[in-house]
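Colleague: What follows is a structure written as structure tokens; I'll ask about it next.
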Amino acid sequence: MGQAKIRGTPEQRKQAAIERQLSLRPKHIVCNNCQAELSEMAPIDVAGMHGIDAAFVASCPHCGHDTYAIKGEREAVANMHMAIEDATGSEAQAGVVPSANKV
Ligand SMILES: [Zn+2]
């Protein structure tokens, strides 16, 4: 190699944003419907969403319910939940996201 590191390419910045979001990832999301602990979750692209730090959706294998975990400013999180409700046409309840310190 021997090539100098190029910093700040769009690709690297995107990668950094993804890693930052993954660092905010909860260990699990509790299913809103059946209270199963879901450790499989997909990050949601929140690049254009003001006040949102990270968002994840977990599809419950037991009941098929989608539960969202959204981190950010309180108001922005509420707005995003409303947007999800509008988009899905169903009630999207706030995901129960245990704090990182909780045993
Ligand atoms: Zn469930």
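Each value in this text was obtained by applying a stated rule to the coordinates, not by laboratory testing. All figures in this text were calculated on a predicted structure; none of them were measured in a lab.
Colleague: Can you tell me the mean projection area, over all orientations, of the convex hull of region 22-64's alpha carbons? Units nm², please.
Modeller: 3.3 nm²
Colleague: Related question: Kindly write out, for region 78-85 in residue order, the coupling ³J(HN,Hα) from the Karplus curve 6.51 cos²θ - 1.76 cosθ + 1.60 (θ = phi - 60°), rounded to whole Hz, with x marking Gly and Pro.
Modeller: Once rounded to whole Hz, the list reads 4, 5, 5, 4, 5, 5, 5, 4.
Colleague: Once amide H atoms are placed 1.01 Å from N in the peptide plane, what residues at a sequence separation of 5 or more from Asp53, or on another chain, have their amide H within under 5 Å of its amide H?
Modeller: Under 5 Å from the amide H of Asp53 lie the amide H atoms of Lys71, Gly72, Glu73, each far enough along the sequence or on another chain.
Colleague: A further question follows. Rounded, prolate or oblate, given the Cα gyration tensor of region 10-88, with a/c below 1.5 counting as rounded?
Modeller: The shape class here is oblate.
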